[in-house]
Amino acid sequence: MLSISNFSKHYAGNPKPSAENISFEVNDGEIFGFIGPNGAGKSTTIKCITGILEFDEGTICVDGVDIRQYPLAAKKLIGYVSDDHMMYEGLRGAEYINFICDVFEVPVALREERLERYLEIFSLKNDINNQISTYSHGMKQKLNIIGALIHEPRLWILDEPMTGLDPRSAYNLKQLMREHAQKGNSVFFSSHVLEVVEKLCDRIGIIEDGHLITTCTLAELKDKNADKSLEELFLKLTENAPMSRDAEADQ
């Protein structure tokens, strides 16, 4: 579903790459957890996958479609829940969802049916016709999630999606993620809440200092460390990760 090969990204003015020579795949029907410390390169990688940022080297393909060669076709396969709520706040909630549906060419009958269900799941029925600028942080996050799922993307990408959600909505989101993967689609999920990643994901990738340390199932990760939680293993792996060239130079 997602294939990344020798991907690198540098920002102008920064000699150190934000992501360097990263390669991994996300399988059909899989929930893939992408974790790492702050500044490790998670958001940069996600923004390159979604086509928000250009990248310097390598290839990124979504369901076989190269994001560089066919950006529009690749983006139509993606639903993206960002961590910063970039929305048109002058619109009403329903107008925003209809706009998203127009962009992704969702038939009217289907959009109404799906929206009705998601409004029920996230308790937004009474607010969907209000202006987005009046929404709380959590309400904006719910609308963001609905907008990213309404066209049933092949690859659903979520960057810190639990932020601001009440416990019931967070639980329902996890159920929707499982449901989406069970249909043969894929979920790419970045979070600092490692307990959620541990319970939800089929496989994980760990990134540190712009480098991919490992991709594996949780069973493989715990094979020789059965008594440790994902949190403990994550801390151990990132602690022992090879230093960047900049860190070596400092020493």
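Read-outs throughout are calculated quantities, based only on the coordinates presented, and are distinct from any laboratory measurement. It should be emphasised that the depicted structure is a prediction, and the values quoted were computed from it without experimental measurement. Cβ: placed from backbone, ideal geometry, glycine included. Neighbour counts: every protein chain shown.
In this structure the amide hydrogen of I213, modeled in the peptide plane, comes within under 5 Å of the amide hydrogens of I206, I207, E208, none closer than 5 places in sequence on its chain. Checking the cross-link pairs K9/K42; K199/K236; K9/K47; K76/K183; K47/K76 against a 21 Å limit on the alpha carbon distance flags no pair as lying beyond it.
From least to most packed, judged by other beta carbons within 10 angstrom and beginning with the fewest, S82, S5 follow the order S5, S82. Scanning residues 5 or more positions from L53 or on other chains, those with amide H under 5 Å from its amide H are C48, with H placed 1.01 Å from N in the peptide plane.
Neighbour counts of C-beta atoms inside 10 Å place I150, I4 in the sequence I150, I4, starting with the fewest. Restricting the calculation to Cα atoms, the chain yields a radius of gyration followed by a Dmax of 18.6, 63 Å. In a DSSP loop and with at most 13 other Cβ atoms within 10 Å, the GluC sites (Glu not before Pro) in the range 98-176 are E105. Going by alpha carbons, how many degrees (0 to 90, nearest 10) lie between the helix axis of 137-149 and the longest principal axis of the chain? Around 90 degrees separate the two axes.
Note on the range 1-127: the alpha carbon radius of gyration divided by the globular reference 2.2 N^0.38 Å gives 1.24. The spacing between the range 7-51 and the range 57-128, judged by their C-alpha centroids, is 22 Å. Annotation: amide H-H contacts under 5 Å for A19 (H modelled 1.01 Å from N, sequence separation of 5 or more, or interchain): K9. Applying both filters, DSSP loop and at most 12 other Cβ atoms within 10 Å, to the trypsin sites (Lys or Arg not before Pro) of the range 192-236 gives K224.
May I ask you to sort D63, D127 by Cβ crowding, counting other Cβ atoms within 10 Å and putting the fewest first?
Final ranking by Cβ density, sparse to dense: D63, D127.
Extents of the range 86-152, largest first, come to 29, 22, 16 Å (Cα atoms, principal axes, whole angstrom). In this label model, S133 and M86 are separated by 2.1 nm, measuring between points 7 Å along each Cα→Cβ vector.
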